[in-house]
Amino acid sequence: MRDCPKMESLVNEGEFEEGNILLPVLETLSLSYLRNLRRIWMGHISTGSLSHLRHFSLRACRQLTFLFTLSMAEILSSLVELIVEDCESLKSIIVVDDEC
């Protein structure tokens, strides 16, 4: 996904029924030049969502201050590659859920 200037989050839980498993077979995700992206995932992440994600790259997402909440990181057990470039506001890779 690239150059979506209005996007603030990749997934907003409020747009889906609670408990829905989202993107369960996605293996590669690349986010670039999303200048207003503030969060990857907004809300609770259901077990099974992103469970096959192996490669994640993030480039020039300058409003993003953290990548994952702890509960999201626990679900990403298949992740083997993480690339982060030119994300100047990024302070943490993982934050405790109640800190965000």
| remark: Subset of the stretch 38-56, residues modelled with pLDDT of 95 or more and either on the phi > 0 side of the Ramachandran plot or open to solvent by less than 10 Å² (accessible area, probe 1.4 Å) (or both), comes to Leu53, Phe56
| If you scan the stretch 70-95, which residues turn out to be touching a residue at least 24 places away in the same chain (Cβ under 8 Å), closer than 14 Å to Arg39 by Cα and aliphatic (A, V, I, L, M)? | Leu70, Met72, Leu90, Ile93, Ile94, Val95
| task | Any chance you could count how many residues in the stretch 15-35 are of a type in the set (S, T, N, Q), open to solvent by 20 Å² or more (accessible area, probe 1.4 Å) and at pLDDT 95 or above? | result | 2
| query | Within the set of pairs 6+ apart or on separate chains, which have a first residue in the stretch 2-15 that is on the phi > 0 side of the Ramachandran plot, a second that is modelled with pLDDT of 90 or more, and C-beta atoms under 7 Å apart? | reply | Asp3/Tyr33
| message | Can you tell me which residue is most open to solvent (accessible area, probe 1.4 Å) among those in the stretch 72-87 that are modelled with pLDDT under 95 and over 17 Å from Ser9 (Cα atoms)? | response | Glu74
| request: Working only within the stretch 39-53, note down all residues that are under 19 Å from Met1 (Cα atoms) and in contact with a strand residue (DSSP E or B) (Cβ under 7 Å, 6 or more places away or on another chain). | output: Arg39, Ile40, Trp41, Met42, Leu53
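The values are calculated or read from the model by the stated rules, or taken from the named source; none is laboratory data. Here the structure is a predicted model, which means the values were calculated and not measured. No Cβ is skipped: glycine too gets one built from the backbone with ideal geometry, and neighbour counts run over all protein chains shown. The accessibility values were calculated without ligands, DNA or RNA, using every heavy atom of the protein model including side chains. Shrake-Rupley method; radii C 1.70, N 1.55, O 1.52, S 1.80 Å.
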